[in-house]
Amino acid sequence: MPAGDWDLTAFFPAIDHPSYREFRAALGRDAEALIATLDVLPAVAAAPAAWASPLATLEELGARLGHLESYLHCVASADAADPDAPRELASLDAVATAMEKAGVAVRAAFAAADEPAMTALLAEPVLAGAAHHLQRVRQDTRYMMPPALEGLAADLAPTAMSAWGRLYDQLSGELRFELARPGLPTETHPVAMTRTFLEDADPVIRRAALEGANRAWASVATSTAAALNAISGTRLALYRRRGVPHYLEPACFAAGITRTTLDAMMTAVRSRQELARRYLRAKARKLGLPRLGFCDLMAALPRAGGGDDRVTWPQALAQIDGAFGASYPALATFARHAIAQRWVDFTARDGKRPGGFCTSSQLLGESRIFLTFHGALGDAQTMSHELGHAFHNWVMRDLRSWQRGYPMTLAETASTFAEELVLGARLADPGLGADDRLALLDARLDGASAFLLNIPMRFDFECALYEARAGGELSGAQLGDLMRAAQLRNFGDVLDPAQLDPWFWSSKLHFFITEISFYNFPYTFGYLFSRAIGARFRAEGAAFLPRYEALLRDTGSMPAEEVARRHLGADLGSSTFWTDAIDSLEPDLRVYEGA
């Protein structure tokens with residue numbers, strides 16, 4: 001059985017099990033058969049109905065491929081030393097390439113089709129509910145190379161950009177760092193544990209953790225810099241060939257928003273960053289520091305009564321269950337089901353990859369959650385966050401596959417909403433002690449700081465990366481300089497210039513995800529969008545929840561702007577929507593500053 005606390009047998013008993021091998025082989029055969037079918041189809045304009053069944057097959061194959069990928073990523077994340085999962089993921093690229101070639105054929109056919117032909121095709125019964133997805137496929141043909149070149153790009157992907165992403169995954173899973181503290185034996189830990197040490201109340205531990213982790217990342221800088229150069233350089237080369245006018249265009253399209261919406265949100269964030277800086281200045285005072293270092297951003301506050309706020313895994317689950325049960329019983333019932341069915345891998349152990357995620361199988365209608373739990377407050381919040389993701393997938397489980405393909409911007413809606421329910425419930429507890437109340441308030445404002453300062457920092461770094469990478473490859477030192485500049489721009493005078501984190505570009509796995517660029521601004525979008533949803537929930541109570549679930553179900557069936565208009569009556573292209581969400585933090589900030 002694969003390593004980890006979770007039960008993956010609903011996917012497959014094991015990689016070497018006959019059921020896995022049969023599933024894998026059938027997927028490859030069926031993908032090749034679909035390509036052969038698409039090659040001989042008449043033009044869409046000549047026979048729209050002839051395309052309906054092959055398109056439905058393409059959808060079904062995509063769900064099967066996603067099922068395999070979810071399983072293998074779970075196995076690989078749970079045990080980085082397992083050689084089978086990376087090998088299978090690499091070999092699965094051949095199937096992904098075949099699927100991409102099928103997609104190229106579909107996009108080329110859609111590009112040549114006129115509106116009447118597309119209307120007739122979308123009216124086919126077998127495609128009911130698929131209109132939004134297929135219209136996006138047609139829209140994507142704006143930036144498309146000739147089919148032969150798109151096919152070549154698909155053939156090269158497994159040994160080019162995707163291979164660099166796999167290398168990073170392997171490095172990060174195996175990398176360990178030394179925690180060296182004066183007068184104590186040096187400890188060695190996986191880099192996945194860095195965050196836990198950065199949340200410690202002891203500044204010596206925090207500083208030692210960041211310095212030790214960065215020494216480890218520096219030791220592999222040649223490889224991680226090469227990977228980031230290759231990933232960003234490949235994207236830029238493809239953008240040039242496809243006629244993409246700006247590197248943000250593909251990111252916005254993938255996020256399901258317009259540049260107008262992105263610009264409105266970022267303008268609002270820039271105008272309100274001082275609010276987050278006020279929080280960090282107050283935090284520095286509570287920590288007894290003149291200014292924060294990067295290693296202090298997630299630090300636990302000192303507790304007047306001594307002790308700490310760490311909890312056991314059962315205690316964390318009880319807190320989450322109580323919070324969900326009090327305000328959203330359906331979410332509580334779902335969370336209990338996920339725990340009982342062993343959908344979560346939570347223990348800390350050697351070889352476990354860093355980070356946390358929720359992945360789902362559309363074939364099973366189930367999710368799996370990955371995190372490393374050490375008992376810190378942030379770990380419990382991560383669990384509630386990932387349960388929100390899983391609930392989002394759960395309420396959509398009866399929809400067709402293409403309707404469940406929501407963009408990252410809306411993907412953070414349910415996760416952030418669930419996380420806030422837990423924080424809000426604990427803060428509302430009249431029996432909560434002063435230390436615990438301040439710690440929870442700190443956690444809430446820490447989240448705001450992350451979305452208003454840290455995420456925009458990543459966004460600025462990635463923009464600078466693509467602009468600089470257009471002129472040639474960048475060294476690890478140059479990447480560090482770009483990261484320092486992004487940190488200073490967003491954090492301002494809050495951070496000590498001598499205690500920045502120039503290696504953040506290497507340690508943040510989001511920059512190395514090959515399937516999507518700018519894996520950053522959707523988090524700020526989801527956070528602020530969820531705050532707006534939370535305000536509606538507080539105003540309307542339980543009566544809002546059916547509309548909330550209808551909103552979640554629509555996230556894969558319409559653009560984000562339309563989701564907001566239909567279910568909230570909101571205009572995402574207006575900075576006012578975003579500033580209102582940010583300004584709602586002011587009451588909490590005033591309490592925190594005065595505590």
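Key figures
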{"read-out": "Region 38-53 - residue that is surrounded by fewer than 17 Cβ atoms within 10 Å (Cβ to Cβ) and not aliphatic (A, V, I, L, M) and, of those, nearest to Ala98 (Cα to Cα)", "value": "Asp39"}
{"read-out": "Test: residue in region 66-77 that is of a type outside the set (Gly, Ala, Ser) and outside any helix (DSSP H, G or I)", "value": "no"}
{"read-out": "Residue that is crowded, with 17+ Cβ neighbours inside 10 Å, more than 22 Å from the chain's Cα centre (by Cα) and aliphatic (A, V, I, L, M), where the choices are Ala94, Ala76, Ala128, Ala153", "value": "Ala153"}
{"read-out": "Scope region 388-410; condition of a type in the set (A, V, I, L, M), surrounded by fewer than 24 Cβ atoms within 10 Å (Cβ to Cβ) and under 17 Å from the mean Cα position of the chain (by Cα); matching residues", "value": "Met408"}
{"read-out": "Candidate set from region 371-381 (those that are under 18 Å from the mean Cα position of the chain (by Cα) and surrounded by fewer than 24 Cβ atoms within 10 Å (Cβ to Cβ)); member that is nearest to Ala340 (Cα to Cα)", "value": "Leu371"}
{"read-out": "Matching helices (runs of 4 or more DSSP H) fully within region 302-403 where at least 1 residues are out of contact with any Gly (no Cβ under 7 Å at 6 or more places or on another chain) and closer than 18 Å to Ser70 by Cα", "value": "329-340, 377-395"}
{"read-out": "Whichever residue in region 467-479 is in contact with a helix residue (DSSP H, G or I) (Cβ under 6 Å, 6 or more places away or on another chain), outside any loop (DSSP other than H, G, I, E, B) and not aliphatic (A, V, I, L, M) and, among such residues, is nearest to Met298 (Cα to Cα)", "value": "Gly476"}
{"read-out": "Near pairs, Cβ below 9 angstrom, 6+ apart or cross-chain, from region 443-468 (farther than 22 Å from Ser584 by Cα and without any contact (Cβ under 8 Å) to a residue 40 or more places away in the chain) to any residue that is β-branched (Val, Ile, Thr) and part of a helix (DSSP H, G or I)", "value": "none"}
{"read-out": "Close pairs from region 505-532: first within 10 Å of Thr409 (Cα to Cα), partner polar (S, T, N, Q) and part of a helix (DSSP H, G or I), Cβ under 6 Å, at least 6 apart", "value": "Pro522/Thr409; Phe525/Thr409; Gly526/Thr413; Gly526/Thr416; Tyr527/Thr416; Phe529/Thr413"}
{"read-out": "Residue check for Arg484: in contact (Cβ under 8 Å) with a residue 40 or more places away in the chain and of a type in the set (Lys, Arg)", "value": "no"}
{"read-out": "Residue satisfying all of: in region 111-125; assigned to a helix (DSSP H, G or I) and touching a helix residue (DSSP H, G or I) at 6+ places or on another chain (Cβ under 6 Å); surrounded by the fewest Cβ atoms within 10 Å (Cβ to Cβ) among these", "value": "Ala111"}
{"read-out": "Residues that are surrounded by fewer than 21 Cβ atoms within 10 Å (Cβ to Cβ) and either in a helix (DSSP H, G or I) or polar (S, T, N, Q) (or both), drawn from region 568-579", "value": "Leu568, Ser574, Ser575, Thr576, Phe577, Thr579"}
{"read-out": "Qualifying positions in region 197-213 - of a type outside the set (D, E, K, R) and either out of contact with any helix residue (DSSP H, G or I) (no Cβ under 9 Å at 6 or more places or on another chain) or within 18 Å of Leu287 (Cβ to Cβ) (or both)", "value": "Phe197, Leu198, Ala201, Pro203, Val204, Ile205, Ala208, Ala209, Leu210"}
{"read-out": "Criterion violated by Ala108 - all others in (1) out of contact with any Pro (no Cβ under 7 Å at 6 or more places or on another chain); (2) buried (at least 16 other Cβ atoms within 10 Å of the Cβ); (3) assigned to a helix (DSSP H, G or I); (4) free of Cβ contacts under 8 Å to residues at least 60 places away in the same chain satisfied", "value": "(1)"}
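Each value in this text was obtained by applying a stated rule to the coordinates, not by laboratory testing. Quantities reported herein were computed from a predicted structural model and do not represent experimental measurements. Don't worry about glycine lacking a Cβ; one is built from the backbone with ideal geometry, like all the others, and counts go over all protein chains shown.
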